[in-house]
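The values are calculated or read from the model by the stated rules, or taken from the named source; none is laboratory data. In this text, all values refer to a predicted model and were calculated from it rather than measured experimentally. Note: ideal-geometry Cβ built from the backbone for every residue, glycine included; neighbour counts use all protein chains shown. Please note that ligands, DNA and RNA were not included when accessible areas were found on the heavy atoms of the full protein model with its side chains. Shrake-Rupley method; radii C 1.70, N 1.55, O 1.52, S 1.80 Å.
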Amino acid sequence: MTTALITGSTAGIGAAFARRLAAQGHNLVLVARDTKRLGEQATELHDRHGIEAEVLAADLSTEEGIAAVERRLDDRTHPVDLLVNNAGFGNKGRYLEVSMADELTMLKVHIEAVLRLTSAATASMRSRGRGGVINVASVAAFVPRGTYGASKAWVVQFTQGAARDLGGSGVRLMALCPGFVRTEFHERAGMGTDNIPSWMWLDADKLVASALDDLARGKTVSIPDPRYKALMGLVKLTPRGLLGGVSSRTGRKYGPQ
Ligand SMILES: NC(=O)c1ccc[n+]([C@@H]2O[C@H](COP(=O)([O-])OP(=O)(O)OC[C@H]3O[C@@H](n4cnc5c(N)ncnc54)[C@H](OP(=O)(O)O)[C@@H]3O)[C@@H](O)[C@H]2O)c1
(Lines give C-alpha, C1' and ligand atoms only; values in the text may rest on other atoms or scores of the structure.)
Protein backbone atom coordinates (compact mmCIF):
# COMPACT_ATOMS: atom_id res chain seq x y z
CA MET A 1 0.00 0.00 0.00
CA THR A 2 1.28 3.48 -0.81
CA THR A 3 0.99 6.60 1.32
CA ALA A 4 0.02 10.11 0.23
CA LEU A 5 0.59 13.25 2.31
CA ILE A 6 -1.83 16.09 1.55
CA THR A 7 -1.46 19.59 2.96
CA GLY A 8 -4.71 21.51 3.39
CA SER A 9 -6.58 18.20 3.37
CA THR A 10 -9.64 19.23 5.35
CA ALA A 11 -11.46 21.41 2.82
CA GLY A 12 -11.94 22.07 -0.88
CA ILE A 13 -9.40 20.66 -3.32
CA GLY A 14 -7.31 18.97 -0.60
CA ALA A 15 -10.38 17.15 0.73
CA ALA A 16 -11.20 16.01 -2.82
CA PHE A 17 -7.65 14.59 -3.13
CA ALA A 18 -8.11 12.82 0.21
CA ARG A 19 -11.46 11.28 -0.84
CA ARG A 20 -10.16 10.07 -4.19
CA LEU A 21 -6.83 8.70 -2.93
CA ALA A 22 -8.54 6.95 -0.01
CA ALA A 23 -11.08 5.41 -2.39
CA GLN A 24 -8.14 4.10 -4.46
CA GLY A 25 -6.72 2.43 -1.32
CA HIS A 26 -3.85 4.78 -0.46
CA ASN A 27 -3.00 5.43 3.18
CA LEU A 28 -3.01 9.12 4.00
CA VAL A 29 -1.19 11.69 6.09
CA LEU A 30 -3.60 14.59 6.55
CA VAL A 31 -2.12 18.04 7.23
CA ALA A 32 -3.96 21.25 8.20
CA ARG A 33 -4.25 23.50 11.28
CA ASP A 34 -7.67 22.54 12.67
CA THR A 35 -7.01 19.43 14.79
CA LYS A 36 -10.66 18.58 15.42
CA ARG A 37 -11.52 18.71 11.74
CA LEU A 38 -8.45 16.60 10.88
CA GLY A 39 -9.50 13.94 13.41
CA GLU A 40 -13.03 13.78 12.03
CA GLN A 41 -11.74 13.52 8.47
CA ALA A 42 -9.29 10.73 9.39
CA THR A 43 -12.02 8.71 11.13
CA GLU A 44 -14.43 9.13 8.23
CA LEU A 45 -11.90 8.09 5.58
CA HIS A 46 -10.70 5.13 7.66
CA ASP A 47 -14.26 3.91 8.31
CA ARG A 48 -15.39 4.35 4.72
CA HIS A 49 -12.35 3.01 2.86
CA GLY A 50 -10.46 0.90 5.44
CA ILE A 51 -7.25 2.87 4.92
CA GLU A 52 -4.87 4.22 7.58
CA ALA A 53 -5.30 7.98 7.95
CA GLU A 54 -2.69 9.72 10.06
CA VAL A 55 -3.22 13.25 11.34
CA LEU A 56 -0.50 15.88 11.41
CA ALA A 57 -1.67 19.26 12.70
CA ALA A 58 0.70 21.92 11.39
CA ASP A 59 0.53 25.59 10.49
CA LEU A 60 2.59 25.96 7.31
CA SER A 61 2.99 29.67 7.89
CA THR A 62 5.30 28.87 10.82
CA GLU A 63 8.81 27.44 11.07
CA GLU A 64 7.71 24.68 13.44
CA GLY A 65 4.78 23.70 11.21
CA ILE A 66 6.96 23.35 8.11
CA ALA A 67 9.67 21.52 10.08
CA ALA A 68 7.13 19.03 11.50
CA VAL A 69 5.94 18.08 7.99
CA GLU A 70 9.56 17.91 6.74
CA ARG A 71 10.33 15.44 9.54
CA ARG A 72 7.37 13.26 8.54
CA LEU A 73 8.48 13.29 4.89
CA ASP A 74 11.98 12.36 5.98
CA ASP A 75 10.78 9.28 7.92
CA ARG A 76 12.21 6.51 5.74
CA THR A 77 10.54 3.76 7.80
CA HIS A 78 7.09 5.07 6.83
CA PRO A 79 7.76 6.54 3.40
CA VAL A 80 5.47 8.95 1.61
CA ASP A 81 4.95 8.02 -2.06
CA LEU A 82 2.86 11.02 -3.13
CA LEU A 83 3.03 14.57 -1.74
CA VAL A 84 0.25 17.03 -2.55
CA ASN A 85 1.34 20.56 -1.64
CA ASN A 86 -2.15 22.03 -1.66
CA ALA A 87 -2.56 24.31 1.41
CA GLY A 88 -3.11 27.90 0.36
CA PHE A 89 -5.29 30.95 0.73
CA GLY A 90 -6.13 34.33 -0.73
CA ASN A 91 -5.67 37.70 0.93
CA LYS A 92 -8.45 40.28 0.86
CA GLY A 93 -7.54 43.25 -1.28
CA ARG A 94 -5.10 44.48 -3.83
CA TYR A 95 -1.45 45.32 -3.42
CA LEU A 96 -1.02 47.98 -0.67
CA GLU A 97 -4.47 47.13 0.75
CA VAL A 98 -2.96 43.94 2.20
CA SER A 99 -0.66 44.21 5.22
CA MET A 100 3.00 43.31 4.78
CA ALA A 101 2.55 40.60 7.45
CA ASP A 102 -0.21 38.95 5.39
CA GLU A 103 1.83 39.18 2.16
CA LEU A 104 4.78 37.50 3.90
CA THR A 105 2.54 34.79 5.37
CA MET A 106 1.36 34.01 1.85
CA LEU A 107 4.96 33.70 0.62
CA LYS A 108 5.73 31.37 3.53
CA VAL A 109 2.80 29.03 2.80
CA HIS A 110 2.79 29.21 -1.02
CA ILE A 111 6.55 29.30 -1.60
CA GLU A 112 8.76 28.41 1.38
CA ALA A 113 6.60 25.50 2.52
CA VAL A 114 6.24 24.18 -1.05
CA LEU A 115 10.01 24.42 -1.64
CA ARG A 116 10.98 22.76 1.64
CA LEU A 117 8.36 20.00 1.52
CA THR A 118 9.08 19.20 -2.13
CA SER A 119 12.79 18.98 -1.29
CA ALA A 120 12.22 16.75 1.76
CA ALA A 121 9.87 14.46 -0.16
CA THR A 122 11.96 14.12 -3.30
CA ALA A 123 15.16 13.41 -1.33
CA SER A 124 13.48 10.36 0.17
CA MET A 125 11.69 9.38 -3.07
CA ARG A 126 14.90 9.53 -5.10
CA SER A 127 16.55 7.03 -2.77
CA ARG A 128 13.65 4.63 -3.51
CA GLY A 129 13.60 5.45 -7.23
CA ARG A 130 9.91 6.37 -7.29
CA GLY A 131 7.35 8.87 -6.08
CA GLY A 132 5.30 11.89 -7.09
CA VAL A 133 4.69 15.49 -6.05
CA ILE A 134 1.71 17.61 -7.05
CA ASN A 135 2.13 21.30 -6.30
CA VAL A 136 -1.21 23.08 -6.46
CA ALA A 137 -0.72 26.39 -8.28
CA SER A 138 -3.53 28.20 -10.14
CA VAL A 139 -4.36 29.66 -13.54
CA ALA A 140 -3.64 32.93 -11.70
CA ALA A 141 0.01 31.97 -12.32
CA PHE A 142 -0.47 33.09 -15.95
CA VAL A 143 -2.02 36.53 -15.32
CA PRO A 144 -0.90 39.58 -13.32
CA ARG A 145 -2.69 39.22 -9.96
CA GLY A 146 -0.67 40.57 -7.03
CA THR A 147 1.30 38.41 -4.66
CA TYR A 148 -1.17 35.53 -5.07
CA GLY A 149 -0.60 35.21 -8.82
CA ALA A 150 3.13 35.81 -8.43
CA SER A 151 3.45 33.11 -5.79
CA LYS A 152 1.57 30.64 -8.01
CA ALA A 153 3.78 31.60 -10.97
CA TRP A 154 6.73 30.63 -8.77
CA VAL A 155 5.08 27.27 -8.06
CA VAL A 156 4.69 26.56 -11.79
CA GLN A 157 8.24 27.64 -12.72
CA PHE A 158 9.83 25.87 -9.77
CA THR A 159 7.93 22.64 -10.38
CA GLN A 160 8.73 22.53 -14.10
CA GLY A 161 12.42 23.19 -13.44
CA ALA A 162 12.64 20.65 -10.63
CA ALA A 163 10.79 18.05 -12.74
CA ARG A 164 13.43 18.46 -15.42
CA ASP A 165 16.28 18.24 -12.89
CA LEU A 166 14.75 15.03 -11.49
CA GLY A 167 14.29 13.46 -14.93
CA GLY A 168 15.28 9.79 -14.92
CA SER A 169 15.08 9.54 -11.12
CA GLY A 170 11.68 7.84 -11.10
CA VAL A 171 10.18 10.86 -9.27
CA ARG A 172 7.43 12.85 -11.02
CA LEU A 173 6.61 16.47 -10.29
CA MET A 174 3.56 18.31 -11.57
CA ALA A 175 2.10 21.78 -11.05
CA LEU A 176 -1.71 21.72 -10.97
CA CYS A 177 -3.37 24.91 -12.24
CA PRO A 178 -7.06 25.01 -11.38
CA GLY A 179 -9.47 27.73 -12.46
CA PHE A 180 -12.28 28.74 -10.10
CA VAL A 181 -13.33 25.83 -7.87
CA ARG A 182 -16.18 25.96 -5.36
CA THR A 183 -14.42 25.53 -2.01
CA GLU A 184 -14.04 27.55 1.19
CA PHE A 185 -11.29 29.61 -0.45
CA HIS A 186 -13.29 32.64 -1.62
CA GLU A 187 -15.30 33.06 1.56
CA ARG A 188 -12.17 32.74 3.70
CA ALA A 189 -10.51 35.43 1.55
CA GLY A 190 -13.58 37.69 1.71
CA MET A 191 -13.77 37.59 -2.08
CA GLY A 192 -16.93 38.42 -3.96
CA THR A 193 -17.80 35.78 -6.53
CA ASP A 194 -20.91 37.39 -8.04
CA ASN A 195 -19.06 38.56 -11.16
CA ILE A 196 -17.67 35.10 -11.90
CA PRO A 197 -19.84 33.47 -14.61
CA SER A 198 -21.25 30.06 -13.71
CA TRP A 199 -19.43 28.34 -16.61
CA MET A 200 -16.09 29.23 -14.99
CA TRP A 201 -16.70 27.10 -11.88
CA LEU A 202 -15.06 23.68 -11.70
CA ASP A 203 -15.98 20.70 -9.56
CA ALA A 204 -13.22 19.72 -7.10
CA ASP A 205 -13.69 15.95 -7.52
CA LYS A 206 -13.49 16.12 -11.34
CA LEU A 207 -10.47 18.43 -11.08
CA VAL A 208 -8.63 15.96 -8.86
CA ALA A 209 -9.49 12.99 -11.11
CA SER A 210 -7.98 14.76 -14.10
CA ALA A 211 -4.96 15.93 -12.09
CA LEU A 212 -4.14 12.36 -11.07
CA ASP A 213 -4.56 11.19 -14.70
CA ASP A 214 -2.18 13.94 -15.84
CA LEU A 215 0.40 12.93 -13.21
CA ALA A 216 0.17 9.32 -14.38
CA ARG A 217 0.74 10.52 -17.96
CA GLY A 218 3.92 12.32 -16.89
CA LYS A 219 2.70 15.90 -17.43
CA THR A 220 4.64 18.59 -15.55
CA VAL A 221 1.86 21.19 -15.77
CA SER A 222 -1.80 20.28 -15.58
CA ILE A 223 -4.62 22.66 -16.54
CA PRO A 224 -7.67 20.46 -16.08
CA ASP A 225 -10.79 21.14 -18.11
CA PRO A 226 -11.02 22.15 -21.80
CA ARG A 227 -12.60 25.52 -20.87
CA TYR A 228 -9.50 26.64 -19.01
CA LYS A 229 -7.11 25.10 -21.56
CA ALA A 230 -8.80 27.29 -24.21
CA LEU A 231 -8.85 30.33 -21.92
CA MET A 232 -5.14 30.01 -21.10
CA GLY A 233 -4.44 29.74 -24.85
CA LEU A 234 -6.23 33.10 -25.29
CA VAL A 235 -4.35 34.58 -22.32
CA LYS A 236 -1.05 33.93 -24.11
CA LEU A 237 -2.29 36.09 -27.02
CA THR A 238 -3.75 38.93 -24.91
CA PRO A 239 -1.71 42.09 -24.17
CA ARG A 240 -0.49 42.08 -20.53
CA GLY A 241 -2.03 45.52 -19.80
CA LEU A 242 -5.52 44.37 -20.75
CA LEU A 243 -5.04 41.10 -18.89
CA GLY A 244 -3.99 42.95 -15.72
CA GLY A 245 -7.19 45.03 -15.73
CA VAL A 246 -9.53 42.04 -16.12
CA SER A 247 -7.61 39.87 -13.68
CA SER A 248 -7.46 42.53 -10.99
CA ARG A 249 -11.26 43.03 -11.05
CA THR A 250 -12.28 39.37 -11.08
CA GLY A 251 -13.58 38.20 -7.71
CA ARG A 252 -12.98 41.52 -5.98
CA LYS A 253 -16.15 43.30 -4.94
CA TYR A 254 -14.47 45.84 -2.68
CA GLY A 255 -12.20 48.80 -3.37
CA PRO A 256 -11.99 50.87 -6.55
CA GLN A 257 -12.82 48.81 -9.65
N1 LIG B 1 -10.71 27.40 -5.01
C2 LIG B 1 -10.20 27.94 -6.10
O3 LIG B 1 -10.91 28.57 -6.92
C4 LIG B 1 -8.73 27.75 -6.40
C5 LIG B 1 -8.30 28.06 -7.71
C6 LIG B 1 -6.96 27.90 -8.03
C7 LIG B 1 -6.07 27.44 -7.07
N8 LIG B 1 -6.51 27.17 -5.80
C9 LIG B 1 -5.51 26.69 -4.84
O10 LIG B 1 -5.93 25.43 -4.35
C11 LIG B 1 -5.39 25.22 -3.04
C12 LIG B 1 -6.50 24.75 -2.13
O13 LIG B 1 -7.48 25.78 -2.07
P14 LIG B 1 -9.01 25.49 -1.73
O15 LIG B 1 -9.80 26.29 -2.68
O16 LIG B 1 -9.27 24.05 -1.59
O17 LIG B 1 -9.10 26.23 -0.31
P18 LIG B 1 -9.95 25.94 1.02
O19 LIG B 1 -11.24 25.26 0.68
O20 LIG B 1 -10.01 27.25 1.73
O21 LIG B 1 -9.04 24.91 1.84
C22 LIG B 1 -7.78 25.31 2.31
C23 LIG B 1 -7.13 24.17 3.09
O24 LIG B 1 -5.80 24.59 3.45
C25 LIG B 1 -5.63 24.53 4.87
N26 LIG B 1 -4.73 25.62 5.25
C27 LIG B 1 -4.90 26.95 5.04
N28 LIG B 1 -3.88 27.65 5.56
C29 LIG B 1 -3.02 26.73 6.11
C30 LIG B 1 -1.81 26.82 6.83
N31 LIG B 1 -1.24 28.02 7.15
N32 LIG B 1 -1.19 25.68 7.25
C33 LIG B 1 -1.76 24.48 6.97
N34 LIG B 1 -2.92 24.33 6.32
C35 LIG B 1 -3.55 25.45 5.90
C36 LIG B 1 -7.06 24.66 5.42
O37 LIG B 1 -7.24 24.05 6.70
P38 LIG B 1 -6.98 24.84 8.11
O39 LIG B 1 -7.67 26.16 7.99
O40 LIG B 1 -7.50 23.95 9.18
O41 LIG B 1 -5.49 24.97 8.20
C42 LIG B 1 -7.84 23.85 4.39
O43 LIG B 1 -7.71 22.46 4.65
C44 LIG B 1 -4.74 26.54 -2.64
O45 LIG B 1 -3.34 26.43 -2.83
C46 LIG B 1 -5.34 27.54 -3.61
O47 LIG B 1 -4.47 28.63 -3.82
C48 LIG B 1 -7.82 27.31 -5.46
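What are the semi-axes of the equivalent ellipsoid for region 62-164, taken as the square roots of 5 times the Cα gyration tensor eigenvalues, largest first, in whole Å?
Values: eigenvalues 151, 49, 14 Å².
Ellipsoid semi-axes (Å, largest first): 27, 16, 8.
Computed in the context of the full set of protein chains, the accessible area of region 3-250 at 1.4 Å probe radius has 53% of its extent on carbon or sulfur. Taking all Cα-Cα distances within region 135-179, those exceeding 18 Å account for 29%. Shape annotation for region 3-250: C-alpha extents along the principal axes are 52, 40, 33 Å, from largest to smallest. Model label points for Asp47 and Gln24, set 7 angstrom from Cα along the Cα-to-Cβ axis, are 2.6 nm apart.
Just tell me, in residue order, which DSSP H segments of the chain are both 18 angstrom or longer along the helix axis (alpha-carbon based) and at least -1.0 in mean Kyte-Doolittle hydropathy. Provide the component values of the computation, followed by the final result.
On the way: long enough: 35-49 (21 Å, -1.71); 113-128 (23 Å, 0.22); 146-165 (29 Å, -0.30); 204-217 (20 Å, 0.22).
Those that clear 18 Å and a mean of -1.0 are 113-128, 146-165, 204-217.
The 1.4 Å probe gives accessible areas that order Tyr228, Tyr95, largest first, as Tyr95, Tyr228. Placing +1 on each Lys and Arg Cβ and -1 on each Asp and Glu Cβ, with no other charges, gives region 3-250 a dipole about its Cα centre of roughly 860 debye. Only helices enter this figure: runs of n ≥ 4 DSSP H residues, each worth -39500 (n - 2.57), summed and divided by the residues of the chain, yield -15000 deg cm²/dmol at 222 nm to the nearest 500.
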